[in-house]
Structures are given as structure tokens and as C-alpha cells.
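Take a look at the structure set out below.
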Amino acid sequence: MRRIPIYQVDAFADELFRGNPAAVCPLDEWLPVETMQAIALENALSETAFLLPDRDPVPLRWFTPKVEVKLCGHATLASGWVLLNRLDPGRDEVTFETQSGPLTVTRKSEGLAMDFPAIGSRRVAPADVPDAVLEGLRPDGGSAPDEVRFTADDWNYLVVLPDEAAVRAVRPDFNRLEDAHPHGVAVTAPGDAVDFVSRYFVPSYGVPEDPVTGSLHCALTPYWADRLGRNELAAAQLSARGGQLGVTLVGDRVQLRGHVVPYLEGTIEVP
């Protein structure tokens with residue numbers, strides 16, 4: 001049996017049991033894909049990250065309970081925290097090598113900052129959402145969307161609702177959403193205490209509602225920056241756990257800022 005370190009932390013959280021929990025597993029070399037997928041399923045978190053910390057840049061991969069994904073924000077924040085605070089605490093910055101290109105996590109006085117690609121910054125287009133998706137999103141009728149956008153980069157629908165109350169009121173039918181759309185559906189609106197709020201549903205990835213989604217904000221930030229006329233914004237994701245993010249649009253990149261709270265450290269055993 002092989003013993004592998006595992007860390008579980010709450011990302012985009014100021015206190016324990018908030019934000020989005022992620023597992024981080026440092027490796028000497030990649031495990032077989034089916035083993036990493038099985039570990040992610042066993043962890044039953046929205047993401048498990050695997051990294052090779054002895055290389056530079058540090059290779060990083062992410063798995064939901066069902067699939068490997070090309071970009072993940074909260075598990076990158078978690079991986080940066082683990083590397084900068086547990087594996088190599090003398091460092092203040094790490095660059096990860098990923099399927100979405102280089103991603104940097106930097107220690108700041110106010111937490112950690114990440115530099116990500118602005119998903120859809122030039123490819124978020126108005127779209128007609130299929131009736132089946134809307135029926136899954138608001139089976140009780142709910143608030144009609146003000147508009148719908150589609151991100152060609154990652155095949156997400158962004159459903160813009162009139163206000164924060166409408167986002168909180170969404171009660172999706174996850175089975176219908178999973179049947180209707182094989183990727184993600186987000187709802188977003190102007191916030192009451194922050195610039196914008198959102199929720200994100202990805203049942204086909206094994207994540208009915210993601211607590212806090214960094215990668216989603218790579219698409220939401222360009223949209224809201226254009227709509228509000230400002231590039232530096234405060235955001236909140238209104239899942240049951242909830243989470244806060246600071247976001248800044250810089251050209252075709254998005255800077256995401258957040259805190260991490262550690263929860264668990266141990267080892268797992270795999271064949």
C-alpha cells in the first residue's frame with residue numbers, strides 16, 4: 001500500500017465550516033487517473049487536487065467525484081495555501097502548471113491572491129437557454145431571467161436574475177438539470193451588500209451545488225465589470241456554506257482573493 005499525505009481546508013472562508021472544502025494530495029509522481037478519480041470519489045468533496053510539489057512550476061490537477069476538470073479556483077487556492085504554509089512555508093508565491101496554463105498563488109497581507117485567465121472575457125455571448133434547463137433551474141416557476149449568457153470556453157450558462165432575493169430563492173431540480181445540460185448553470189444578480197452574487201449548479205460533475213467557485217468568477221467578473229463600469233469588485237456566492245471573494249479584471253486575466261482555514265491533515269492508503 002502507498003501512503004499519501006492529505007490536507008483538507010476550507011477555501012474562500014474566514015471561519016471553519018464556511019467556504020468550499022477541498023482536499024489536497026501532494027505526490028512524488030502522478031497516480032493512475034482511475035486511482036486519482038477513485039480518491040476524489042472517496043473524499044466526496046467538490047474537488048480533490050493533486051500536485052507534484054518538488055517541481056517548478058508545480059504540476060496541478062483537479063478531480064470532482066466524477067470527472068477531471070480543466071480549471072478550479074477553490075482547490076487552487078487550497079493547494080497554494082498547503083504549499084505556502086505546510087510544504088514550503090519560506091515561499092510567498094507558487095506557480096502551478098495546469099491544463100489552463102500557468103496559475104499563480106501569492107501570499108498577501110489580506111490573504112492569498114490568484115491570477116487566472118478571464119474565461120469568456122471575449123466569448124461570453126447572449127444566448128437562449130433551453131426550456132429544459134430553465135425548467136430544471138426553477139421548477140416552481142421562480143423569477144424569469146433578465147438575460148442569459150453562454151460561455152463558449154467552458155459551456156456554462158450564466159442566468160442573470162433581477163436581484164439577490166431571486167438568487168437565494170432558486171430551488172433547482174438537480175435531476176432535471178443533469179439530464180438537460182452536461183455542464184454548469186450559474187445564477188447571478190446584483191448584490192445587496194456586495195457588487196454581485198451567484199450560485200452554481202453542476203450535478204453532471206457530481207456537485208449538485210458548488211459552495212464557492214473560483215473558476216465561475218473568471219466568467220462572472222468580466223460580465224459584471226462591464227455592466228458596473230468597474231474592474232475591482234466584491235462578490236459573494238450564496239450557497240448554504242457561503243463564501244466571499246474579491247475579484248479584479250486586469251486585461252484578459254482575473255485576480256481572485258480569498259482566505260483559507262485548515263481543517264484536517266493526515267494520510268490515506270491506496271494500492
### Task
Quote the relative contact order of the stretch 190-271 in percent (integer), defining contacts as alpha-carbon pairs under 8 Å separated by 6+ residues.
25 percent
#### Entry: Relative compactness, the chain, computed as alpha-carbon Rg over 2.2 N^0.38 Å
0.97
### Task
Describe numerically, in nm with one decimal, the distance between label points set 7 Å from Cα along Cα→Cβ at Asn85 and at Arg171.
3.7 nm
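How would you classify the stretch 62-132 from its alpha-carbon gyration tensor, with a ≥ b ≥ c the square roots of the eigenvalues: rounded for a/c under 1.5, else prolate if a/b is greater than b/c, otherwise oblate? Mind dumping the intermediate values first?
Numbers: a/c = 2.75, a/b = 1.97, b/c = 1.40.
Cα axes put the stretch 62-132 in the prolate bin.
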### Query
What FRET efficiency do you get for Asp128 and Arg55 if R0 is 51 Å and r is their Cβ-Cβ distance, rounded to the nearest 0.05?
0.70
### Task
Within 10 Å of each residue's Cβ, count the other Cβ atoms and sort Val67, Val170 from fewest upward.
Val67, Val170
### Separation of alpha-carbon centers, the stretch 198-235 and the stretch 63-129, rounded to whole Å
14 Å
### Query
Taking the Cα atoms of the stretch 124-249 alone, what are Rg (to one decimal) and Dmax (as a whole number) in Å?
13.2, 37
### Counted charge near Phe17, where neighbours are those whose Cβ lies closer than 15 Å (Asp, Glu -1; Lys, Arg +1)
-1
### Sum of -39500 (n - 2.57) over DSSP H runs of 4+, divided by residues of the chain (222 nm, nearest 500)
-6000 deg cm²/dmol
### Message
What FRET efficiency comes out for Asp179 versus Glu42 if R0 is 25 angstrom and r is the Cβ-Cβ distance? Round to the nearest 0.05.
### Response
0.45
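Shape call for the stretch 127-197 from the C-alpha gyration tensor, a ≥ b ≥ c root eigenvalues: rounded (a/c under 1.5), prolate (a/b greater than b/c) or oblate? Before the final figure, lay out the partial values.
Working: a/c = 1.95, a/b = 1.31, b/c = 1.49.
Cα axes put the stretch 127-197 in the oblate bin.
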### Query
Once the Cβ-Cβ distance between Val194 and Glu110 is put in as r, and R0 is 22 Å, what FRET efficiency do you end up with, to the nearest 0.05?
0.90
#### Entry: Linear extension gain, Tyr263 paired with Arg230, 0.36 nm per residue minus alpha-carbon span
8.3 nm
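Quick note: the coordinates plus some simple rules give every number you see, no bench work behind them. Predicted model only: the values in this text are computed from it and were never measured. Glycine gets a Cβ as well: all are built from the backbone with ideal geometry, and neighbour counts include every protein chain shown.
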